[in-house]
Amino acid sequence: MADIEFSELKANIGSEVHGLNLSEPLSEAIRDRLMRELADRCVVLFKAQDITPAQHIDFSRALGPLEEHVLSNFCLPGHPEIFVVSNIVENGRHVGAFGGSKQYHSDLAYNEAPSMGSVFHCLECPEEGGETAIVSMSAAFAALPEERRDWLSKQRAVFDYVWYYEGAHHDRPALSEAQKSRVPPVAHPAVRTHPVNGCPSLFLSEVWVRRFEGVSDDESQKILAEILEFATGPDFTYVHKWAPGDVLVWDNRNSIHKACPFDEEGTRRRMHRTTIKGTAPYFNAAA
Ligand SMILES: [Fe+2]
């Protein structure tokens, strides 16, 4: 194995990886080591990576099969695996999807099989703002009172994309019946077991979660807000300040993330993102 080393980004979350050039193929041993680090630390950072889109895709694919984004107009021409996230306008059109969710979520959590993780490569970023905040839902879960952990471990949370969309996006066009039928409500265990290290994590978010099964919407929202207020506190959160060349990989199975605001009119931000397919969440009470 090449000599790779890790250093902590914060006590409870995040590792920077040293000694790896992502333009080179990944050995199986290093891949396994990175997957273990993601399971244990939620997010890994590689600094100063000068990689091409093809190398970004190769690296991501070594971690797992990739999703192709439904908004194909924001995929990189010739590389449908790369989704461009950017506020930049060139020749009168946006080169990528702008914004990014400003509320904590894990990607595609409203699907039966939410995505496993994302690989972001920063090409341009503003001096100020535009950070990505990531929360360790395994560290947050471990720090909850035992009574709360016991209760949550028995719950299933209903992720309802249409309910959230219709409540939150008054400025967006209404969903058609055909679109709605593609995203029916899905119940996931509120605590999920990580398949790599067996650790439990909260599987909840600020968006899409409508209720816990058997609990009213109102009561569920109160409980959810209380848990997320605790989880998203500074102890479990890493806020990544981007620099060009950064590659950040997060694990959607044990973390949630959100984009922080920046001056979208006066500065430029351009990111390339790949998304790794995942599998249905499960909870193993014996672990
Ligand atoms: Fe996301």
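Every number in this text was worked out from the coordinates using simple rules, so none of it is lab data. Values in this document were obtained by computation on a predicted structure and should not be read as measured data. Ideal geometry is used to build each Cβ from the backbone, glycine not excepted, and the neighbour counts take in all protein chains shown.
Quick check on residue 42: is it on the phi > 0 side of the Ramachandran plot and crowded, with 16+ Cβ neighbours inside 10 Å? Considered against the rule, which asks whether it is on the phi > 0 side of the Ramachandran plot and crowded, with 16+ Cβ neighbours inside 10 Å, residue 42 comes out as yes.
Taking the criterion of being away from the ligand (no atom under 16 Å from the Cβ) and in a loop (DSSP other than H, G, I, E, B), the residues of region 232-261 that qualify are 233, 241, 243, 244, 245, 246.
Of 81, 128, 124, 90, which residue is farther than 25 Å from residue 169 by Cα, more than 15 Å from the ligand (Cβ to nearest atom), surrounded by 16 or more Cβ atoms within 10 Å (Cβ to Cβ) and of a type in the set (Asp, Glu)? Don't jump to the end; show me each part of the working.
Details: 128 fails: surrounded by 16 or more Cβ atoms within 10 Å (Cβ to Cβ); 124 fails: surrounded by 16 or more Cβ atoms within 10 Å (Cβ to Cβ); 90 fails: surrounded by 16 or more Cβ atoms within 10 Å (Cβ to Cβ).
Among 81, 128, 124, 90, only 81 is farther than 25 Å from residue 169 by Cα, more than 15 Å from the ligand (Cβ to nearest atom), surrounded by 16 or more Cβ atoms within 10 Å (Cβ to Cβ) and of a type in the set (Asp, Glu).
Within region 173-189, is there a residue that is under 15 Å from residue 252 (Cα atoms), under 23 Å from the mean Cα position of the chain (by Cα) and touching a residue at least 60 places away in the same chain (Cβ under 8 Å)? Yes, region 173-189 contains a residue that is under 15 Å from residue 252 (Cα atoms), under 23 Å from the mean Cα position of the chain (by Cα) and touching a residue at least 60 places away in the same chain (Cβ under 8 Å).
Scanning region 1-22 for residues that are more than 20 Å from residue 243 (Cβ to Cβ) and surrounded by 17 or more Cβ atoms within 10 Å (Cβ to Cβ) gives a single hit, 12.
Among residues of region 93-121 being of a type in the set (A, V, I, L, M, F, W, C) and away from the ligand (no atom under 15 Å from the Cβ), the one that is nearest to residue 163 (Cα to Cα) is 113.
Does at least one position in region 160-177 carry a residue that is closer than 20 Å to residue 236 by Cβ and touching an Asp or Glu at 6+ places or on another chain (Cβ under 8 Å)?
Of region 160-177, the ones closer than 20 Å to residue 236 by Cβ are none.
No; the residues of region 160-177 include none that is closer than 20 Å to residue 236 by Cβ and touching an Asp or Glu at 6+ places or on another chain (Cβ under 8 Å).
Would you check if there is a residue in region 263-271 being within 16 Å of the ligand (Cβ to nearest atom) and either touching a His at 6+ places or on another chain (Cβ under 6 Å) or not in a loop (DSSP other than H, G, I, E, B) (or both)? So far as region 263-271 goes, yes, one or more of its residues are within 16 Å of the ligand (Cβ to nearest atom) and either touching a His at 6+ places or on another chain (Cβ under 6 Å) or not in a loop (DSSP other than H, G, I, E, B) (or both).
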